1. Summing -39500 (n - 2.57) over the DSSP H runs of n ≥ 4 in the chain and dividing by its residue number, what mean residue ellipticity at 222 nm do you reach, to the nearest 500 deg cm²/dmol?
2. Once you have a ≥ b ≥ c as the square roots of the Cα gyration tensor eigenvalues for segment 91-170, tell me rounded if a/c is under 1.5, and otherwise prolate or oblate according to whether a/b is larger than b/c.
3. Once you have a ≥ b ≥ c as the square roots of the Cα gyration tensor eigenvalues for segment 58-135, tell me rounded if a/c is under 1.5, and otherwise prolate or oblate according to whether a/b is larger than b/c.
4. How high is the FRET efficiency between residue 121 and residue 53 when r is their beta carbon distance and R₀ equals 45 Å, given to the nearest 0.05?
5. Would you please give the FRET efficiency between residue 66 and residue 165, computed as 1/(1 + (r/R0)^6) with r the Cβ-Cβ distance and R0 = 45 Å, to the nearest 0.05?
6. Rounded, prolate or oblate: which fits the chain when a ≥ b ≥ c are the square roots of the eigenvalues of the alpha-carbon gyration tensor, with rounded for a/c under 1.5 and prolate only if a/b beats b/c?
7. What nm distance separates the two modelled labels at residue 86 and residue 23, each placed 7 Å from Cα along Cα→Cβ?
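Nothing in this text is a laboratory measurement; each read-out follows from the coordinates by a stated rule. Everything numeric here is computed off the predicted structure, so don't read it as measured data. Counting neighbours? That spans all protein chains shown, and the Cβs are built from the backbone with ideal geometry, glycine included.
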């Protein structure tokens, strides 16, 4: 029971294990350099997934991509449906022009250029600010009464809708 002999024996065993691992890794490197498949007895040693696992993962990725594409299509259809419903209910087509900026065009507008621009301000865009346009300058009385006096965008838009509607029905 000599401690030096026991240590020497452990070193010899460890050296043998390391030589075996080195040989397996050489075989793996050789197989990879040849461009061939990794031999089944070396897959575990390499820490690489097996061909079966790779095929299964590819199927999962393809399935996820297909699901994502379907979700995008459904989402686009729902967005268009929502835009049409908003236009039919409120009489305004809402378009995003830039980040936090929205263009409203009334269905009763006399010209396509007759639109209002609003900019979202405040935390999380909770507040809206009317930006000056050629059309907004023409409805100064409504702005003065409903936006500045009553601080109500819905009242302003309703009054504007009634004003534009009455112009079309009288004309």
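1. So the calculated ellipticity at 222 nm is -20500 deg cm²/dmol.
2. Cα axes put segment 91-170 in the oblate bin.
3. Because a/c hits 1.5 or more and a/b exceeds b/c, segment 58-135 counts as prolate.
4. About 0.30, to the nearest 0.05.
5. 0.45
6. Note, shape of the chain comes out prolate.
7. 7.2
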